[in-house]
1. Can you find a residue that is surrounded by 14 or more Cβ atoms within 10 Å (Cβ to Cβ), polar (S, T, N, Q), in contact with an Asp or Glu (Cβ under 8 Å, 6 or more places away or on another chain) and at negative phi anywhere in the stretch 108-121?
2. Consider D131 carefully, then state whether it is touching a strand residue (DSSP E or B) at 6+ places or on another chain (Cβ under 6 Å), in contact (Cβ under 8 Å) with a residue 12 or more places away in the chain and open to solvent by 60 Å² or more (accessible area, probe 1.4 Å).
3. If I filter the stretch 89-106 down to residues being closer than 13 Å to R74 by Cβ and of a type outside the set (V, I, T), which single residue comes out as most open to solvent (accessible area, probe 1.4 Å)?
4. Hey, could you check the stretch 32-56 for residues that are open to solvent by 20 Å² or more (accessible area, probe 1.4 Å) and of a type in the set (A, V, I, L, M, F, W, C) and say which is farthest from R95 (Cα to Cα)?
5. Of the residues T114, T48, only one is in contact with a His (Cβ under 7 Å, 6 or more places away or on another chain), within 18 Å of F11 (Cα to Cα) and not in a strand (DSSP E or B); which?
6. Among the residues of the stretch 83-102, is any of a type in the set (S, T, Y) and part of a helix (DSSP H, G or I)?
7. Run down R143, R74 and say which single residue is open to solvent by 30 Å² or more (accessible area, probe 1.4 Å), of a type in the set (K, R), farther than 21 Å from G19 by Cβ and in a helix (DSSP H, G or I).
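The values are calculated or read from the model by the stated rules, or taken from the named source; none is laboratory data. Remember, it's a predicted structure, so these values are computed and weren't measured experimentally. Methodologically, a virtual Cβ is constructed for each residue, glycine included, from the backbone with ideal geometry; neighbour enumeration extends over all protein chains shown. Surface areas here come from the heavy atoms of the whole protein model, side chains and all, with no ligands, DNA or RNA. Shrake-Rupley method; radii C 1.70, N 1.55, O 1.52, S 1.80 Å.
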Amino acid sequence: MTPSELLIEAFSRVPETVGRAVDGLSEDQLATRPAAGANTLAWLAWHTARGQDAQVADLAGSEQVWTADGWVERFGLPFPAEALGYGMSGEEVGRVRASAELLTGYLAAVHERTVAYLSSLAPEDLDAVVDDAWDPPVTAGVRLVSILDDCVQHAGQAGYVRGLLFFSN
């Protein structure tokens, strides 16, 4: 297995996990908070896709799926197109409303673009420095692991929130 194939396998688990978390839920259910100020399933799914989209696009030197493929218009969220979810207030988190189909559709499109990028990489490409503002400088491989880590954490949180809201009796 090549490094690219390993990364593709790892990233492929994110849409599956998020899909299970949002499957069959209404837009209202997806916008429900498990506790005051907590993140909603809709926000977790959207933010997972947005973070991956923005960061992989940056690495690939391409436009984000969010804007290139019209997802920003389909979602119609009351935020600037560049919003990713980082640093959002509780009120802003609550404004992320979308259907399960829209959330998983966007994540699937992001995943497709991620796989295309990862498939184009040679092992030595992972050693390229992409951010020298850190010590040590960040390589493409380290950045990809960071992106994946963030996605996996949020996908797991989404599964947990679903369980808290709809399966705890």
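1. Checking the stretch 108-121: not a single residue is surrounded by 14 or more Cβ atoms within 10 Å (Cβ to Cβ), polar (S, T, N, Q), in contact with an Asp or Glu (Cβ under 8 Å, 6 or more places away or on another chain) and at negative phi.
2. Details: touching a strand residue (DSSP E or B) at 6+ places or on another chain (Cβ under 6 Å): yes; in contact (Cβ under 8 Å) with a residue 12 or more places away in the chain: yes; open to solvent by 60 Å² or more (accessible area, probe 1.4 Å): no.
So D131 fails the test.
3. That would be E101.
4. Filtering the stretch 32-56 down to residues open to solvent by 20 Å² or more (accessible area, probe 1.4 Å) leaves 32-39, 55.
Imposing the further condition that a residue be of a type in the set (A, V, I, L, M, F, W, C) reduces the set to 35-36, 38.
Numbers: A35: 16, A36: 14, A38: 13 Å.
Among residues in the stretch 32-56 that are open to solvent by 20 Å² or more (accessible area, probe 1.4 Å) and of a type in the set (A, V, I, L, M, F, W, C), the one farthest from R95 (Cα to Cα) is A35.
5. On the way: T114 fails: in contact with a His (Cβ under 7 Å, 6 or more places away or on another chain).
The conditions single out T48.
6. Quick first cut of the stretch 83-102, residues of a type in the set (S, T, Y) only: 86, 89, 99.
Pick out the ones that are also part of a helix (DSSP H, G or I) and you get none.
No, every residue in the stretch 83-102 fails to be of a type in the set (S, T, Y) and part of a helix (DSSP H, G or I).
7. Details: R74 fails: farther than 21 Å from G19 by Cβ.
After ruling out the rest, the residue left standing is R143.
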